[in-house]
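Written below as structure tokens is the structure these notes are about.
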Amino acid sequence: MLCTEFDMKDLGDLRYFLGIEVVRSKDGIWLVQRQYALEMLAKYGMTGSKPMSTPLEQNVKLQADLGDELEDVTMYWKMVGSLIYLTITRPNLSYAVGLIS
């Protein structure tokens with residue numbers, strides 16, 4: 001119906017959109033952000049980081065008055081924003097991202 005009303009072309013099944021890969025199988029549809037996560041690691045210079053089984057140490061207490069102040073906080077804001085977007089397909093990161101945001 002939309003094609004009769006608007007000038008459109010069929011691009012086939014959706015495979016990749018806004019950093020989210022759409023994988024279809026007989027079991028259902030999967031949303032994956034693997035490539036987005038790899039691009040984030042490269043963008044923020046963390047490709048050599050080791051994988052962890054949990055996104056945050058247990059019982060960690062973050063405090064605003066500890067550590068060095070950042071000269072430019074915009075990079076931190078961008079990292080947190082990217083992590084928030086990553087929680088679309090990785091809800092297990094939501095708690096840790098919420099703490100640092």
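Rounded to the nearest 500, the 222 nm mean residue ellipticity of the chain from helices alone is -9500 deg cm²/dmol, with -39,500 (n - 2.57) taken per DSSP H run of at least 4 residues. Remark: the stretch 58-72, residue by residue, has Karplus-estimated 3J(HN,Hα) of 5, 6, 6, 10, 8, 10, 5, 8, 9, x, 7, 7, 7, 5, 10 Hz, where x stands for each Gly or Pro and the curve is 6.51 cos²θ - 1.76 cosθ + 1.60 at θ = phi - 60°.
If we sort 74-85, 21-32, 49-60 on the protection proxy, mean other Cβ atoms within 10 Å, highest first, what's the order?
74-85, 21-32, 49-60
At the residue level, residue 66 shows approximately 120 square angstrom of accessible surface with a 1.4 angstrom probe and all protein chains present. Accessible surface area normalised per residue over the chain is 91 Å², counting heavy atoms of protein chains with a 1.4 Å rolling probe.
Please report the carbon-and-sulfur percent of the accessible area for the chain; probe 1.4 Å, protein heavy atoms only, DNA, RNA and ligands left out. Summing carbon and sulfur atoms, their accessible area is 58 percent of the total for the chain.
An ellipsoid equivalent to the stretch 6-90, defined through the eigenvalues of its Cα gyration tensor, has semi-axes of 34, 18, 12 Å when rounded to whole angstrom and sorted largest first.
The alpha carbon centroids of the stretch 24-46 and the stretch 4-19 are separated by 21 Å. Candidate cross-link partners of residue 50 among the lysines, defined by an alpha-carbon separation under 24 Å and a same-chain spacing of 8 or more, comprise 61, 78.
Give me the angle, in degrees from 0 to 90, between the Cα long axis of helix 34-43 and the longest principal axis of the Cα atoms of the chain, rounded to the nearest 10. Once rounded, the angle reads 50 degrees.
Among rounded, prolate and oblate, which fits the stretch 59-101 when a ≥ b ≥ c are the square roots of the eigenvalues of its C-alpha gyration tensor, a/c under 1.5 means rounded, and a/b larger than b/c means prolate? In terms of gyration-tensor shape, oblate. Each Cα pair under 8 Å and six or more residues apart adds its sequence gap; the mean of these over the residue count of the stretch 1-58 is a relative contact order of 16 percent. Our coupling estimate for the stretch 84-101, obtained by passing each phi through the Karplus curve with A = 6.51, B = -1.76, C = 1.60 and θ = phi - 60°, is 4, 5, 5, 5, 4, 9, 10, x, 5, 8, 4, 5, 5, 5, x, 5, 7, 8 Hz, Gly and Pro reported as x.
The values are calculated or read from the model by the stated rules, or taken from the named source; none is laboratory data. None of the values given here were measured: they were computed from a predicted structure. Cβ: placed from backbone, ideal geometry, glycine included. Neighbour counts: every protein chain shown. These area figures cover heavy atoms from the full protein model, side chains too; ligands, DNA and RNA do not enter into them. Shrake-Rupley method; radii C 1.70, N 1.55, O 1.52, S 1.80 Å.
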